[in-house]
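Report on the structure given below.
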Amino acid sequence: MLMPLLPNALASVLPTAFDADQRYSVDLHMHSTASDGALSPTDLVTLCAGRGLTHMALTDHDTMEGVEEASRAAQQAGLCLVPGCELSTRWQGINIHVVALMPGGLQGPMIEGLEQQREARIKRAEVIAERLEKMGLPNALEKARAQAGSDRPLGRPDFARALVAEGVVADWAGAFKRYLGSGKKGDVKAHWPEISEAVGWVVASGGVAVLAHPLRYGLTRRKRGLLMDTFMEAGGQGVELVSGQQNPDATRDLARQLVERELYASLGSDFHFPGSHAAPGSMSPVPRTAAPPIWQHPRLAHLRDAPSGMLGAKPLNKLS
Ligand code: AMP
Ligand code: MN
Ligand code: MN
Ligand code: MN
């Protein structure tokens, strides 16, 4: 039974096509405390269930550490959980994110891939810390660690919080604008793999690779097309047609780029914490498009008919 908590028409079953401006009870991009999200995997699942979602993916940055807990919670809440993560990669000097939807759980080359990402993140944090120390944040690594509140590998948000806590900047936005955002000294990308390598891990591990938030890289339409071409050549199968709040014209234009390439369309809020602009499932509506929904991909087809909790009910690593 679907609770009508989301505005507008909300499809109760997964449709085979996106045929009108609609919202769906699906969110395939969210974060938990396993990376830079504020909610534990269990609390995230509870929130999603309360908002009437039927299908969700947990996609923490470069880790699937939260998936087991989320699976248990999803099973209890009667939700279909897709195991996943969001891989940090590089393309032409830009930090590009790839959402890995892993219906079979963590398996195959992804095991080694995520280990490599973990080590990359640890080394990268040291470099970020060195740079911030030179710019006026002494003991940056220890301070970011304290902000993280656990022993998980650090990310830029932990450094952003440290900069705010030490009064170096007034707020989080200022931390990214001056120190950590794209092109700033703290935006260290050298440790990440090429996008093609990361997509290779996903595809060889039974997963579906989805290009995350393609409108958020500041690319021209042409360059975005080139990125999609590289992504596809590496085996990438889908693109987030809707990520959080988007301009409807930009979304329709993006849909045309997907259709031209026969890419599947995914959708996600990129939820990190309550009170932000994107609550689970609260993305902009999906326009009418010939791009097939990502759950039409053969590797995710069981989502469509899955009784609630089906994926969560099966032990990880044991799915076909
Ligand atoms: P990292 O995984 O360490 O590269 O950190 C990336 C994360 O930092 C993103 O997933 C966002 O959560 C956050 N982030 C990146 N850029 C910005 C920005 N300009 N403003 C606010 N948060 C950002
Ligand atoms: Mn994040
Ligand atoms: Mn991202
Ligand atoms: Mn994300």
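Determine whether ALA38 is away from ligand 2 (no atom under 16 Å from the Cβ), touching a residue at least 12 places away in the same chain (Cβ under 8 Å) and farther than 17 Å from TRP295 by Cα. Break it down into steps so the answer makes sense when it comes.
Details: away from ligand 2 (no atom under 16 Å from the Cβ): no; touching a residue at least 12 places away in the same chain (Cβ under 8 Å): yes; farther than 17 Å from TRP295 by Cα: yes.
Taking the combined requirement at face value, the residue does not satisfy it.
What's the number of the condition VAL210 fails, among (1) touching a strand residue (DSSP E or B) at 6+ places or on another chain (Cβ under 7 Å); (2) over 20 Å from ARG118 (Cα atoms); (3) in a loop (DSSP other than H, G, I, E, B)?
(3)
It is to be established whether one or more residues within segment 219-226 are surrounded by 23 or more Cβ atoms within 10 Å (Cβ to Cβ) and at pLDDT 95 or above.
Checked against the condition, which is being surrounded by 23 or more Cβ atoms within 10 Å (Cβ to Cβ) and at pLDDT 95 or above, segment 219-226 yields no hits at all.
ARG90 fails exactly one of the following numbered conditions: (1) open to solvent by 10 Å² or more (accessible area, probe 1.4 Å); (2) closer than 18 Å to PRO157 by Cβ. What is the number of that condition?
All conditions pass for ARG90, except number (2).
Might you let me know whether segment 251-265 holds any residue that is within 17 Å of TYR217 (Cα to Cα) and open to solvent by 30 Å² or more (accessible area, probe 1.4 Å)?
Checked against the condition, which is being within 17 Å of TYR217 (Cα to Cα) and open to solvent by 30 Å² or more (accessible area, probe 1.4 Å), segment 251-265 yields at least one hit.
Just checking, does segment 173-185 include any residue being in a loop (DSSP other than H, G, I, E, B), in contact with a strand residue (DSSP E or B) (Cβ under 8 Å, 6 or more places away or on another chain) and within 21 Å of GLY37 (Cα to Cα)? Let's see the steps before the verdict.
Of segment 173-185, the ones in a loop (DSSP other than H, G, I, E, B) are 181-185.
Then drop every residue that is not in contact with a strand residue (DSSP E or B) (Cβ under 8 Å, 6 or more places away or on another chain), which leaves 182.
Next, from what is left, pick out any that are within 21 Å of GLY37 (Cα to Cα): 182.
So far as segment 173-185 goes, yes, one or more of its residues are in a loop (DSSP other than H, G, I, E, B), in contact with a strand residue (DSSP E or B) (Cβ under 8 Å, 6 or more places away or on another chain) and within 21 Å of GLY37 (Cα to Cα).
Mind listing whichever residues of segment 228-270 are outside any loop (DSSP other than H, G, I, E, B) and either within 16 Å of ligand 2 (Cβ to nearest atom) or among the aromatic types (Phe, Trp, Tyr) (or both)?
PHE231, GLU240, SER243, TYR264, GLY268
With the condition kept exactly as written, say whether any residue in segment 43-62 is within 16 Å of ligand 1 (Cβ to nearest atom), closer than 30 Å to GLY181 by Cα, out of contact with any strand residue (DSSP E or B) (no Cβ under 8 Å at 6 or more places or on another chain) and at pLDDT 95 or above.
Within segment 43-62, the subset within 16 Å of ligand 1 (Cβ to nearest atom) is 44, 57-62.
Restricting the remaining residues to those that are closer than 30 Å to GLY181 by Cα gives 44, 57-62.
Filter again for out of contact with any strand residue (DSSP E or B) (no Cβ under 8 Å at 6 or more places or on another chain), leaving none.
For segment 43-62, residues within 16 Å of ligand 1 (Cβ to nearest atom), closer than 30 Å to GLY181 by Cα, out of contact with any strand residue (DSSP E or B) (no Cβ under 8 Å at 6 or more places or on another chain) and at pLDDT 95 or above: absent.
Out of GLY244, GLY181, GLY275, report the one residue that is crowded, with 20+ Cβ neighbours inside 10 Å, closer than 30 Å to ARG118 by Cβ and either without any contact (Cβ under 8 Å) to a residue 12 or more places away in the chain or within 16 Å of ligand 4 (Cβ to nearest atom) (or both).
Going through GLY244, GLY181, GLY275 in turn, just one is crowded, with 20+ Cβ neighbours inside 10 Å, closer than 30 Å to ARG118 by Cβ and either without any contact (Cβ under 8 Å) to a residue 12 or more places away in the chain or within 16 Å of ligand 4 (Cβ to nearest atom) (or both): GLY244.
Looking only at residues that are part of a loop (DSSP other than H, G, I, E, B) and acidic (Asp, Glu) in segment 46-98, which one is farthest from ALA125 (Cα to Cα)?
GLU65
The values are calculated or read from the model by the stated rules, or taken from the named source; none is laboratory data. Every value quoted in this text rests on a predicted model; they were computed, and no experiment measured them. Methodologically, a virtual Cβ is constructed for each residue, glycine included, from the backbone with ideal geometry; neighbour enumeration extends over all protein chains shown. SASA here: full protein model, heavy atoms, side chains in, ligands and nucleic acids out. Shrake-Rupley method; radii C 1.70, N 1.55, O 1.52, S 1.80 Å.
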